Structure formats: structure tokens, C-alpha cells
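Structure, as C-alpha cells:
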Ligand SMILES: [Zn+2]
Ligand SMILES: [Zn+2]
């Protein structure tokens, strides 16, 4: 196999943290970049060799050394299962740091005797890999240290190059429920088109044939990274640095002055309306003049609540407050108009919201914001909480109170059935797990699963009005008033309160 990765001695380094480091680090072509080693001809040869292995597997087990102070050798062996589709950490000189090597298992093959095995891995690039080794003009300031850019570059590796299973979270900035990841969690939101030396928005689903992408046959148009952000297209970096200062320092800085550790472009507001779903920099909104100077402050909360994240039109009950007419009617009102007042105005009983805690109602009337580098999840923002809180309010109004519980759904219990094939030299075991999901292949199975999900969705809305959760979240909102206060912004696209 051309330039195959060296297989290291399997004794771990006792100094290695978390027991993952080994005496001899694997050198994938001596720190050629992940994916920097092959030219197209070599890739072709490597892929041909891989495809010549006839047996395809869904998973395998490797004995990996794990630190164990109680053992005389300082380590013990632990069985680790790797499956097709898993994100994995690979051995490198960068273990345990932000530039550690990460890939995804695309396919697993062996020869019929199971004496030879190769794993097709799709690489994730770090910002430093990308800038230093592949695209010289790449601007790494727009990327977080633990951010990864999934590439269309595939490698064919020995299973012993793998270290552990990990998970790279997909961060889609336009969704209402982004994953809550911290500054040292791996995440991905863009694709490196390796052979075209370009980075595009969104993680690409390209899987399978390595040569297909290498030859550029799937050369679809590329939308540049940051294109969907604000009007200025300046990409957002949730975690610019690995912050070592305490969050209280950050918080007081934030409260006192937004100019010290928080740059003018750090805070963004989000329009959740279906069809918009876009983040805007506070500074850009001010510059572009998208502040509401007409509507009275007394109805600001209701105007925010009227922006239905699940629809292209405002939620009907509160739409009135977004209109010119209400601005004139309410011009003289100095007190904040709350939801109960609004419901009474339209002849509805405020009691229909009695089961919702005040903290939830306050969150539903908050703007949606995020702040680069902020602690406690504020770098990702409050979008999930605000969208869910609004949904609770809408559901209560539509059902004139707490909605009815759905009838319990029955479903087949599934049995997982794992068959393990022996015969491979002790280190590796192969398993084909497809049987575990066989029930899903039947139409009946899919229908049951769908029914179960639909039932759970309604149930979720009913059951999770968990007051302590919303109270705790509201405390966080109060602490971060510096993010949520400020001018009454409106969406540059649809004019909604944001
Ligand atoms: Zn902007
Ligand atoms: Zn909008």
C-alpha cells in the first residue's frame, strides 16, 4: 500500500493524558497534512487497493490501551467498537490539543481471510491545517480552535491508527435548535473542497467514492462561507479564543462596557421568522438604520412575541402590535403592556396561560441574541429557549389552555442482535450490525416510528413546562441584559421586531 501509515508499538505512554497517547505516535506521512499526502494518482491506487478487499463490514472492535495506575504496566486493554459513520480521533502529534486529528469512518473492508483490513476515513481539517497546509489565504480568525471543516478528502488507513470515537456536532446557524457546544467541543459548519481549494457553507454530505470528488465530477457551485451572515457577510466565530479568564470577568466587562473584550461585531440578533432565519450584527443594524423609532416601547415584548418562528406570518393574536395602527393607539401608554392585557383586549381570558410560568412568558417576549466568546451557552445564543417558549404560548392560545395529552402510542420493542465474527488476529473483531435495524425496513416499522415521533412531539410540548428550568433560564437572561437590551431592532428583510 503506498504511503500507508506506520503501525506503532501498541504500548501506551504512561504519561499520556486520558491514556490515549502511545509510545510511538503514528505518523501519517510524517505530519503531511491530513489528506496532504496523495496526489490523484496515488489516491487512485490506494482506493483501488481498498476496493479489492471484498468483505464490507459495519463495525469492528479494537483493543486499545487505557491508562490504569493500578496495573503494573500502567495501562490495561479496553475493547473499543468503531462503526461506519462514526467520527473518530486519529493518532497524531497533536493529541489532546485543539489541532488533534479527526475523521469520519466511511467504509470498512477486509480480505476474505480477514487478515488484512482497511478503513476509509474522510478527514476533518482544523483551522490551522487548512491555513498552513492547504489554503494560504484562509482566514483563521473566523474559525474556532475546535471547529472542524469537513473535507471531501478520503484516506485508507489501518484500524490501528484510530484512537477513540468522538462526535463532531453539526452547527447550522439558521436553525431554531442549534446544538449547545462549548469552546472545546468539536463542531462543523462548512466543507473544504480539497481538490478545488475552496471552503463552502454547510457540511457537505459527500460520502463514498473518493476518486469521484478528486476528479471534480461533482463540481457543484460553491456558496462562500459567511454568505448567509448579516448583510456584511462577516462570518461569525462563536469561540475566537480558548478563554482562560473567568466568566465573571467577562460578565462585568460586558455589563460595564461592550468595547473591551467584546468587539463591536460580537453581538448579533436573529430574525427567527420562517423565510428569514438570519443573524445580524448589532453594529450593522445600527449603521443600516434598522431600529424601530415608531412603535412604543410599551408593546415591544408583544411585538417580539408576534414573530412566529414556525411561520412566514406573525402569530395572529399579537400581529396587531406590529401594525401602524397600534403604534398610534399605544403612543400614550407608558406602562408595559403584558400578555394578559393583550389577551383581554381581544376578549380572551388570561387564564388560558395560567399553566405557563412567568419566566417562560418573559423568555417568549425576549429578543434572540448571541455573543462571540460569551460563556454559558451565549456564544450559541438563546434561540432554542425563545423559540420553544413562544411555541408554548401559541399552543396554549390555540387550545385555549393546556393542550390535551395524546393517546399513548404502541410500538414494537426492538431487539438488538449483534453477530460477531471471529478469526481475525485477536486485536480486531468484526461485526455486522445491520440486523439490529432490520425491523425498520418494513413499512410497518417506519409507520410506527413516525407515529411515535408525532406523539412525542405533542407530549414534549405538554410535559416539559418544567417551571424550575424556565426560572433558571430566565436568571441567565437577566444576567445577560447587556446582550438583550439596547435598541429595538427590526429585521432588515421582513421588518419584524428582533
Ligand atoms: Zn454585519
Ligand atoms: Zn425577518
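General remarks:
- Cross-chain or 6+ apart pairs with Cβ under 6 Å, region 148-176 first and assigned by TED's automatic domain parsing to the domain that holds residue 117, then surrounded by fewer than 16 Cβ atoms within 10 Å (Cβ to Cβ) and at pLDDT below 90: 158/7; 160/7
- Taken together, the residues in region 463-485 that are under 20 Å from residue 300 (Cβ atoms), in contact with a helix residue (DSSP H, G or I) (Cβ under 7 Å, 6 or more places away or on another chain) and in a loop (DSSP other than H, G, I, E, B) amount to 0.
- Among the residues of region 112-129, those that are crowded, with 24+ Cβ neighbours inside 10 Å and under 12 Å from residue 190 (Cβ atoms) comprise 124, 125.
- Residue check for residue 468: surrounded by fewer than 15 Cβ atoms within 10 Å (Cβ to Cβ) and either within 16 Å of ligand 1 (Cβ to nearest atom) or at pLDDT 95 or above (or both): no
- For residue 72, the test of being exposed (fewer than 15 other Cβ atoms within 10 Å of the Cβ) and under 22 Å from residue 156 (Cβ atoms) is failed.
- Every listed requirement among (1) modelled with pLDDT of 95 or more; (2) in a loop (DSSP other than H, G, I, E, B) is met by residue 410 save one, (1).
- Residue in region 146-188 that is surrounded by the most Cβ atoms within 10 Å (Cβ to Cβ), counting only those that are part of a strand (DSSP E or B) and touching a helix residue (DSSP H, G or I) at 6+ places or on another chain (Cβ under 8 Å): 154
- Hits in region 219-238 - residues which are more than 12 Å from ligand 1 (Cβ to nearest atom) and closer than 19 Å to residue 194 by Cα: 219, 220, 221, 222, 223, 224, 225
- Within region 113-145, tally of residues that are assigned to a loop (DSSP other than H, G, I, E, B) and on the phi < 0 side of the Ramachandran plot: 12
Yes/no matrix, rows are residues, columns are (1) at pLDDT 75 or above; (2) touching a strand residue (DSSP E or B) at 6+ places or on another chain (Cβ under 6 Å); (3) more than 29 Å from residue 476 (Cα to Cα):
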site: 194; (1), (2), (3): yes, yes, yes
site: 205; (1), (2), (3): no, no, yes
site: 224; (1), (2), (3): yes, no, yes
site: 255; (1), (2), (3): no, no, no
site: 262; (1), (2), (3): no, no, no
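- Subset of region 311-342 [outside any loop (DSSP other than H, G, I, E, B) and either touching a residue at least 40 places away in the same chain (Cβ under 8 Å) or in contact with a strand residue (DSSP E or B) (Cβ under 7 Å, 6 or more places away or on another chain) (or both)]: 317, 322, 339, 342
- The condition of being closer than 18 Å to residue 46 by Cβ and surrounded by 17 or more Cβ atoms within 10 Å (Cβ to Cβ) holds for residue 109.
- Test: residue in region 293-307 that is at pLDDT below 95 and either within 15 Å of ligand 2 (Cβ to nearest atom) or under 15 Å from residue 493 (Cβ atoms) (or both): no
The values are calculated or read from the model by the stated rules, or taken from the named source; none is laboratory data. For clarity, every value in this text was computed on a predicted model and none was experimentally measured. Virtual Cβ from ideal backbone geometry, glycine too; neighbours counted across all protein chains shown.
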